[in-house]
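The values are calculated or read from the model by the stated rules, or taken from the named source; none is laboratory data. None of the values given here were measured: they were computed from a predicted structure. A quick note on method: Cβ atoms are made from the backbone with ideal geometry, for glycine too, and the neighbour counts reach across all protein chains shown. For accessibility, only protein heavy atoms count, side chains too; no ligands or nucleic acids. Shrake-Rupley method; radii C 1.70, N 1.55, O 1.52, S 1.80 Å.
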Amino acid sequence: FRSFAFAYYRRYEKQVWLGRDYLGKKPLYWTNLNGTLFWSSSRESFSSLRKTSINSKSIFQFLSLGYLIDPVTMDIKTESLMPGTLAIFDYRFKVERIETASINPVVEKNKLGLRKLIESATESRIEGHEKIALSLSGGVDSSIIALQLRKYGISAKAFTSIWKDSDKERYNIDVKIASQIAKKLGLSFQEIEMPSPDEIPSSLDQFLVAMEEPNGNPTGISLYALYSEISQQDFRL
């Protein structure tokens, strides 16, 4: 499976098509400014066009859940395209949304066990990739993925976060387990050092800028640091 977000202009039909993958891995925002359609994979792109108008519904949703659900954004005039949706805009700004089988495949529930589902998802995501990175926590799901990679004979590199400045041993249990799993499976392994206490405020700012929407995920800082390092080593989704 490949993640995607696209815009396609049909000149003669005077239509703009916006589409997004069914998992919503790639963001796609759109807004109507005085009858003109603007779209972008970054909501920040709209900040130069007009001031943000806070959406009261989004505040209630965030305080209830800790995050926002598409199509709601913090800006009442900006909408996030729903995953697995093709939106067609014509010159009158009439919007038609279509969920198609090619974008939004039907998932048959209860046909496969959890492990089989993870294996199937792993297989579809590694297809066509020359370099494979694995966020290995030592938990059940990432360990199953590691086993699946070995099954396919794929040489992947595993990454795990470590808080060297932490005074709590439990924060680094994952890295010890992950190291043992990687060694047993013959995976290349690297520990990624997490921000020090002095670096956390700036790391939090970086995480919020990257998310572009409020997010109450307590692991956000560590995930941002981890995936930033993976990206710098030329691993791509």
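For the chain, the longest principal axis of the Cα atoms and the long axis of helix 140-151 meet at an angle of about 80 degrees.
At a 1.4 Å probe, what is the % contribution of carbon and sulfur to the accessible area of the stretch 38-96? So the carbon and sulfur contribution to the accessible surface is 58 percent.
Maximal additional length on extending the GLU213-SER40 stretch stands at 60.8 nm, based on 0.36 nm per residue less the C-alpha distance.
Distance between the pseudo-spin-label points of GLN190 and ALA121 (7 Å out from Cα toward the beta carbon): 2.5 nm.
With protein chains left intact and a 1.4 Å probe, residues in the chain average 64 Å² of accessible area per residue.
Among the trypsin sites (Lys or Arg not before Pro) found in the stretch 156-237, those both in a DSSP coil and sparsely packed, with 11 or fewer other Cβ atoms within 10 Å of their Cβ, are LYS164, LYS168, ARG236.
Note on the chain: helix-only mean residue ellipticity at 222 nm, from DSSP H runs of 4+ residues weighted -39500 (n - 2.57) and normalised by residue number, equals -9500 deg cm²/dmol.
For the stretch 1-85, GluC sites (Glu not before Pro) are listed when DSSP marks them as loop and at most 12 other Cβ atoms sit within 10 Å of their Cβ; the list is GLU13. Of the cross-linked pairs LYS26/LYS183; LYS25/LYS157; LYS116/LYS164; LYS25/LYS116; LYS131/LYS151; LYS131/LYS176, those separated by over 27 Å at the C-alpha level are LYS26/LYS183; LYS116/LYS164. Summing charges over neighbours of LEU147, with a neighbour being any other residue whose Cβ is under 13 Å away from its Cβ, gives +2 when K and R count +1 and D and E count -1.
Relative to the longest principal axis of the C-alpha atoms of the chain, give the angle of the C-alpha long axis of helix 220-232, reported between 0 and 90° and rounded to the nearest 10°. Once rounded, one gets 90 degrees. As I understand it, the dipole of the chain uses +1 on the Cβ of Lys and Arg and -1 on the Cβ of Asp and Glu, about the Cα centre. Which of LEU68, THR78, SER124 lies farthest toward its positive end? Farthest towards the positive pole: SER124. Take the Cα of VAL140, step 7 Å toward its Cβ, do the same at TYR12, and the gap between the two points is 5.5 nm.
The chymotrypsin sites (Phe, Trp or Tyr not before Pro) of the stretch 194-237 include none that meets both criteria, a DSSP state outside H, G, I, E and B (loop) and at most 13 other C-beta atoms within 10 angstrom of the site's C-beta.
On C-alpha positions alone, give me the angle between the axis of helix 114-126 and the longest principal axis of the chain, in degrees, nearest 10. It works out to around 70 degrees. Beta-bridge orientation, the chain: approximately 75 percent antiparallel, per DSSP, counting only bridges with both partners inside.
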